[in-house]
Amino acid sequence: MSASDEGIAGASGYAPHPYIGGRTSVLRALAAWRMRWPGAPRVIVLTGSPGSGRSRLLTGFLMLCDPRFRKQLPLDAMDPATVPPDLPAPAVPSPEGRTAAQLLGLLADHFELGAARSEDICTELAAREEPVTIVVPDVDRAGPVRAADEPARVVRDVLKPLAATTTVQLLADVPRGLAAELAAALPSGQVRIIDLDDPEWADPEGLVRHAEAALTLGPPELPFCTDPSARRELAEALAERANGNRLTLQLAVQSLVMRPEGVDPADPSTLPGSIGEALDLHARRLGADPQTLRLLLAPLAFAEGAGLPVQLWGALADAVAERDMSRDLADGMPLAAPFLQPAEGSERGRATDGATVGDTADGGRTLLRLLHPGIAEEIRSGLPNVPGAQTRIAMALLDAVPQQDWSRADPYIRDHLAAHTLEAGLLPQLLTDPGLFAHADPVAMRAAIEAVPLDRLGAPARTYLRTAPLLTRSQAPAGLRAAFLESAFVEDGLAPYAEALHRLGFPLPWRTLWSVPLTGVRAVTTGALTPADADGAPAAAARPDGTTAAAAPGEESDGGAGPGAASGAPASRPVATFLVPEGTPGSRTAPGPDGDASAGGATGALLVHDLLRPGYVDADPAHVRPPSEEARAAAPFAFTPGPDSLQVWARANREVVATLLSDTPITGADLSPDGVLVVATERGVTARQILAAPATPTVPAQRTGAADSAPSDGLEGHHS
């Protein structure tokens, strides 16, 4: 349908779509796609310039596809060719603020798929007998971090595989720079690009009606808001000057309703022809410098997430402008108002410790954002040095952290500082603060770090990146994130960063004592070397490669009660024993059932490691004695294992005191009577001292019923 057909459709007496007000040609093309009309493409890529109306058009079309909304529309009065058949609503996964991986998760959940990767999801969809319909709106708003270019990743990792799946009928709203890339992946007969800026899809009459409807909402004292002829004349002039851009027209109407002086429908120079001209003309009509308006709005143009807290606006405006903007901001609300909106999701800001952040009367946070991403794009493009502006914004955000205590920082700063430093080119320098790692939203932090080349990241950032999938999957609060990171730092040899987390006031459930990168461990047990071996073992600690290293001074005794003390041998040395494959360097053949080391009785090999500090122990595993059943029964803690998780709980009241999640399967675990948890995964073995204070039982503890945890196939099973 050509542009001239719009007039024919209007002349036929059909009612326009009440939400869109036009776009008949596009609606016909989309309806044909929905009903799989012969010759209609299987994939449609909707695109256009910022403000061309893609989101509104797609929303209006989805109303026609959803049985709930169809009942509210005058379908009988509309052009039948624009109304798709009454079918089940399509899947509409929203990419806004989400990563490509999160978008895939939405699809998997919607279609109840067991897969998580795009290729596996598409394989399952391809195996279906009936085609599936998927509509993906607002790809340009994908990602928790704007500078990370998540829309390109969504196109590459989600939309291209979906488009190549012949059982998938796909409609996607994609930025123009990515539309051709997506369409190029398919034969021409299967895909069509609808660019709303092309004359083929123009809707001049619909744009005039849009302007008339907007003017009707203005104050009645303005002639062009109440007089139909004056309103029509101005609407036609605005629509012609806007050249099809809905956002330009919307901003023009909002501006002139606020300040109608100086607007002449007969003089095109008084009407904006672009988003930038709408900004500049509004400023001049209010007697302000256009650059002042742009500087006022710049912090919002760089804002991440749901929006910018109003209490940060002034400091960031000063930073961008490199001067005091307080007077401009105080007097500038009429200047900025047509371009702002309260952000959806303005909410109570909560610090990690539960204290509220913000300065409104109810303790909430008011968030502001620009009316449209196209305004932000226009403002950013007009700045001479975007990385420099982002650098100054990042410094101002850092200055706004009270005493550099991340637990007291505004949530916006914690969650989005990484995004600002990414565009400034300074993110690697920021990634050395364990407190920020723990407090920041892991989805946004991970997206920002992944946008930096790996060779530019320091060791702490690489540890965070390795741990990030666990942090995002678990949706753990800050305290538990700190615990996971504390263990990860020890695992990667970054003990000072682990210690720093203990000094930040987190109620960590454990202290990680040591970790060894050892693969193939099938089971672990805790116990104690007999006094004879304990006396001589510290003199030489055996490494997995078979070499030995002298023990550090003062390590002859653990200095506290360990399993040896519980078993009545104060000179015993607490150790952990690993069941490993035969031939593992430094290991000894496991004793047989009768205590011999014959091949017939061996089920593997054993390594002995100190329980309380790093270092292998060169000792005969046959001399390791497990804690007695009485010692285990009297222990304050027990644990319940799972395939990739584990919970430690207090025997006295059955309350969980520590929850451990692993990003690799757990292959063995044991808990000593004194609360040292030793866990083996496919990556290695790690020991953690449980820090919770033992609960006081209200009644004498009694051991009744079944065991707390079922035994495994390891040396001694899972002990509780």
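The values are calculated or read from the model by the stated rules, or taken from the named source; none is laboratory data. Quick caveat, the model's predicted, so the values are computed rather than measured. We place every Cβ from the backbone using ideal geometry, glycine too, and count neighbours over all the protein chains shown. Calculation scope for accessible area: heavy atoms of the full protein, side chains included, ligands and nucleic acids excluded. Shrake-Rupley method; radii C 1.70, N 1.55, O 1.52, S 1.80 Å.
Here is the figure for segment 290-331: residues that are under 22 Å from the mean Cα position of the chain (by Cα) and in a loop (DSSP other than H, G, I, E, B) total 6.
Matching residues to (1) modelled with pLDDT of 75 or more; (2) over 47 Å from the mean Cα position of the chain (by Cα):
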| residue | (1), (2) |
| --- | --- |
| SER567 | no, yes |
| SER587 | yes, no |
| ASP594 | no, yes |
| PRO614 | yes, no |
| ASP620 | yes, yes |
| PRO626 | yes, no |
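Within segment 144-172, the set of residues being under 22 Å from ALA303 (Cβ atoms) and either in contact (Cβ under 8 Å) with a residue 60 or more places away in the chain or open to solvent by less than 10 Å² (accessible area, probe 1.4 Å) (or both) comprises PRO144, VAL145, ARG146, ALA147, ALA148, ASP149, GLU150, VAL154.
Filtered by the rule that a residue be surrounded by fewer than 24 Cβ atoms within 10 Å (Cβ to Cβ), closer than 17 Å to HIS210 by Cβ and not aliphatic (A, V, I, L, M), segment 245-266 gives GLN250, GLN254, SER255, PRO265.
For segment 519-539, the count of residues that are more than 24 Å from ALA669 (Cβ to Cβ), modelled with pLDDT of 95 or more and surrounded by fewer than 18 Cβ atoms within 10 Å (Cβ to Cβ) is zero. When segment 632-657 is filtered for residues that are closer than 14 Å to VAL676 by Cα and open to solvent by less than 50 Å² (accessible area, probe 1.4 Å), the ones remaining, listed by number, are ARG632, ALA635, PRO636, PHE637, ALA638, PHE639, LEU646, VAL648, TRP649, ALA650, VAL657. Among the listed residues ALA278, ALA230, which satisfies the condition of being among the small types (Gly, Ala, Ser), at pLDDT 95 or above and closer than 30 Å to ASP198 by Cα? That would be ALA278, the only listed residue that is among the small types (Gly, Ala, Ser), at pLDDT 95 or above and closer than 30 Å to ASP198 by Cα.
Here LEU293, LEU297, LEU312 are screened, and the one residue that is over 24 Å from ARG259 (Cβ atoms), open to solvent by less than 30 Å² (accessible area, probe 1.4 Å) and modelled with pLDDT of 95 or more is LEU312.
Listed here are the residues, each with its yes/no results for (1) touching a residue at least 12 places away in the same chain (Cβ under 8 Å); (2) β-branched (Val, Ile, Thr); (3) buried (at least 20 other Cβ atoms within 10 Å of the Cβ).
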site	(1), (2), (3)
LEU27	yes, no, yes
LEU30	yes, no, yes
GLY60	yes, no, yes
CYS65	yes, no, yes
ALA77	yes, no, no
GLU96	yes, no, no
THR99	yes, yes, yes
LEU104	yes, no, yes
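Given the criterion at pLDDT below 50, of a type in the set (Ser, Thr, Tyr), more than 19 Å from LEU607 (Cβ to Cβ) and touching a Lys or Arg at 6+ places or on another chain (Cβ under 9 Å), identify the matching residue among SER662, SER720, SER709.
Of SER662, SER720, SER709, the one residue that is at pLDDT below 50, of a type in the set (Ser, Thr, Tyr), more than 19 Å from LEU607 (Cβ to Cβ) and touching a Lys or Arg at 6+ places or on another chain (Cβ under 9 Å) is SER720.
So, of the residues in segment 331-356 that are aliphatic (A, V, I, L, M) and at pLDDT 90 or above, which turns out to be most open to solvent (accessible area, probe 1.4 Å)? So, considering only residues that are aliphatic (A, V, I, L, M) and at pLDDT 90 or above, the one most open to solvent (accessible area, probe 1.4 Å) is ALA337. Within the set THR421, THR463, THR472, THR432, the sole residue that is of a type in the set (Ser, Thr, Tyr), assigned to a helix (DSSP H, G or I), out of contact with any strand residue (DSSP E or B) (no Cβ under 7 Å at 6 or more places or on another chain) and more than 23 Å from ALA306 (Cα to Cα) turns out to be THR463. Listed by first and then second residue, the pairs with beta-carbon distance under 6 Å, at least 6 apart or on different chains, first residue in segment 576-595 and closer than 14 Å to ASP620 by Cα, second at pLDDT below 90 and open to solvent by less than 10 Å² (accessible area, probe 1.4 Å), are LEU579/GLY604; ALA590/GLY604.
For every residue, the table says whether it meets (1) open to solvent by 40 Å² or more (accessible area, probe 1.4 Å); (2) modelled with pLDDT of 85 or more; (3) aromatic (Phe, Trp, Tyr).
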| residue | (1), (2), (3) |
| --- | --- |
| TYR19 | yes, yes, yes |
| ALA40 | no, yes, no |
| THR47 | no, yes, no |
| PRO50 | yes, yes, no |
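Among residues of segment 364-380 that are closer than 14 Å to PRO299 by Cα, those with a Cβ under 7 angstrom from a residue that is of a type in the set (Val, Ile, Thr) and crowded, with 18+ Cβ neighbours inside 10 Å, sequence gap 6+ or separate chain, pair up as ILE375/ILE275; GLU378/ILE275.
Residues that are under 21 Å from the mean Cα position of the chain (by Cα) and of a type in the set (Lys, Arg) occur at least once in segment 136-149. Selection over segment 184-211 of residues that are open to solvent by less than 50 Å² (accessible area, probe 1.4 Å) and either touching a Pro at 6+ places or on another chain (Cβ under 9 Å) or hydrophobic (A, V, I, L, M, F, W, C) (or both) gives a count of 10. Among the candidates ALA126, ALA108, the residue that is closer than 15 Å to LEU170 by Cα and among the hydrophobic types (A, V, I, L, M, F, W, C) is uniquely ALA126. Residues that are of a type in the set (D, E, K, R) and touching a residue at least 40 places away in the same chain (Cβ under 8 Å) were ranked within segment 173-183; the one that is surrounded by the most Cβ atoms within 10 Å (Cβ to Cβ) is ASP173.
Scanning segment 315-330 for residues that are closer than 20 Å to ARG365 by Cβ, crowded, with 20+ Cβ neighbours inside 10 Å and without any contact (Cβ under 8 Å) to a residue 60 or more places away in the chain yields a single hit, ALA317. Among the candidates GLU221, GLU233, the residue that is farther than 25 Å from LEU335 by Cα, open to solvent by 40 Å² or more (accessible area, probe 1.4 Å) and among the acidic types (Asp, Glu) is uniquely GLU233.
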